[in-house]
Amino acid sequence: MDKSNHDVYLFNSDRPFHHYASGQLVLAREEASKLFELGDAYELLICAGGQCRVSWGQQRQVLKRGSCLLVAPHTRLELAGGESPVTCYWIQFFPKDSEERVAYQHVADAIRDRYDLGRLANNVILPQYYQIREFNRINTMCLQTLLLIRGNYYTEALPSYAITELMLEITNDFITGLHHLTRANPKATEIIDWLSSHLDADLTVRGLADHFEMNYRYVSRLIKKETGMTASRLILQKKLDIACGLLLKSNLPLKLIADQAYFNDEKYFLRCFKKQLGQTPTQYRQQYMDDFLLNDTRTREARR
């Protein structure tokens with residue numbers, strides 16, 4: 001469905017949202033539909049793997065990896081799996097301040113006007129339906145947020161701040177995407193998209209420049225202007241995002257994670273990880289993976 005057909009929700013972010021409930025829902029292959037009745041809270045559904053069909057009222061939407069759906073309170077949801085298992089994160093929350101629902105085009109137009117954009121700046125901006133652009137990074141944040149919520153904390157404010165930060169990151173992903181649609185250099189977008197899908201290659205700035213038959217200094221400036229990072233830093237960050245996701249979601253040995261994150265050299269991977277994240281991959285995994293069995297389907301069903 002065309003995303004411009006969906007409305008966008010604006011939630012004042014001067015104060016953090018109140019976290020009500022959250023978890024991970026797993027639908028087995030061809031599992032029967034599940035019905036959920038929302039109460040007074042909003043719910044954000046984020047598909048982490050597979051593909052499922054979501055129905056509410058007269059509306060239908062297919063969720064696939066990286067897509068999210070914001071559902072209003074008092075909505076009856078029906079989720080149906082597909083030909084492969086489906087994993088979704090779900091977060092129920094209450095905004096503490098004002099909220100507004102506007103047309104997608106209203107936000108898209110505001111991107112072109114500095115004054116209008118400034119009026120939106122204090123809001124979490126969530127489309128009703130959205131395909132997240134940088135999902136590896138957001139996926140890692142989702143896992144970290146859910147693991148933090150499952151842990152011990154001295155104040156209920158901590159989960160609330162965590163989910164607010166996650167939603168601000170999704171907002172940033174959405175607004176950045178709109179900005180690219182309206183102002184990005186098409187060639188820069190093409191280069192970055194190609195880079196993202198060829199992380200298995202031995203990428204260098206000169207190699208990128210040769211592939212696109214451009215001057216390598218110009219390519220460097222183009223990438224820096226679009227991302228705020230050098231080309232080499234961007235490549236490294238994308239590989240580390242993949243590695244972080246694998247560390248949190250699997251028990252793979254570090255050598256295989258290094259390979260699957262396109263480092264190809266375990267020692268180099270370990271050095272880069274420690275330098276950029278301030279801890280070893282093992283420490284990172286242990287911090288978030290203790291007793292990590294995030295299958296909250298029963299909890300989710302209990303809140304129907």
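The values are calculated or read from the model by the stated rules, or taken from the named source; none is laboratory data. The shown structure was predicted, so the numbers you read here are calculated from the model rather than taken from an experiment. Note that each Cβ is placed from the backbone with ideal geometry, even for glycine, and that neighbours are counted across all protein chains shown.
Quick look at the values:
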{"quantity": "Scope region 125-161; condition of a type in the set (S, T, N, Q) and in a helix (DSSP H, G or I); matching residues", "calculated": "ASN136, ASN139, THR140, GLN144, THR145, SER160"}
{"quantity": "Flag if LEU240 is modelled with pLDDT under 90 and surrounded by 16 or more Cβ atoms within 10 Å (Cβ to Cβ)", "calculated": "no"}
{"quantity": "Flag for LEU270 being more than 20 Å from the chain's Cα centre (by Cα), in a loop (DSSP other than H, G, I, E, B) and surrounded by 15 or more Cβ atoms within 10 Å (Cβ to Cβ)", "calculated": "no"}
{"quantity": "Failed criterion for THR164 (all others in (1) in a helix (DSSP H, G or I); (2) over 14 Å from the mean Cα position of the chain (by Cα); (3) over 24 Å from LYS238 (Cβ atoms) hold)", "calculated": "(2)"}
{"quantity": "Residue that is nearest to the chain's Cα centre (by Cα) [pool: residues in region 89-108 that are within 14 Å of PHE11 (Cα to Cα) and among the β-branched types (Val, Ile, Thr)]", "calculated": "VAL107"}
{"quantity": "Residue satisfying condition, being of a type outside the set (Val, Ile, Thr), outside the structural domain of LEU146 (by TED's automatic domain parsing) and in contact (Cβ under 8 Å) with a residue 60 or more places away in the chain, within set LEU199, LEU240, LEU252", "calculated": "LEU199"}
{"quantity": "Qualifying residue in region 173-196 (condition: buried (at least 17 other Cβ atoms within 10 Å of the Cβ), in contact with a helix residue (DSSP H, G or I) (Cβ under 8 Å, 6 or more places away or on another chain), among the charged types (D, E, K, R) and closer than 30 Å to HIS19 by Cβ)", "calculated": "yes"}
{"quantity": "Options SER13, SER22; residue that is under 18 Å from CYS88 (Cβ atoms), in contact (Cβ under 8 Å) with a residue 60 or more places away in the chain and not basic (Lys, Arg)", "calculated": "SER22"}
{"quantity": "Subset of region 231-245 (residues that are under 18 Å from SER197 (Cβ atoms) and out of contact with any Pro (no Cβ under 9 Å at 6 or more places or on another chain))", "calculated": "ALA231, SER232, LEU234, ILE235, LEU236, GLN237, LYS238, LYS239, LEU240, ASP241, ILE242, GLY245"}
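Here's the yes/no breakdown for (1) at pLDDT 80 or above; (2) among the aliphatic types (A, V, I, L, M); (3) closer than 24 Å to VAL62 by Cβ:
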position	(1), (2), (3)
HIS106	yes, no, no
ILE125	yes, yes, yes
TYR130	yes, no, yes
GLU134	yes, no, yes
ARG137	yes, no, yes
LEU143	yes, yes, yes
THR155	no, no, no
GLY177	no, no, yes
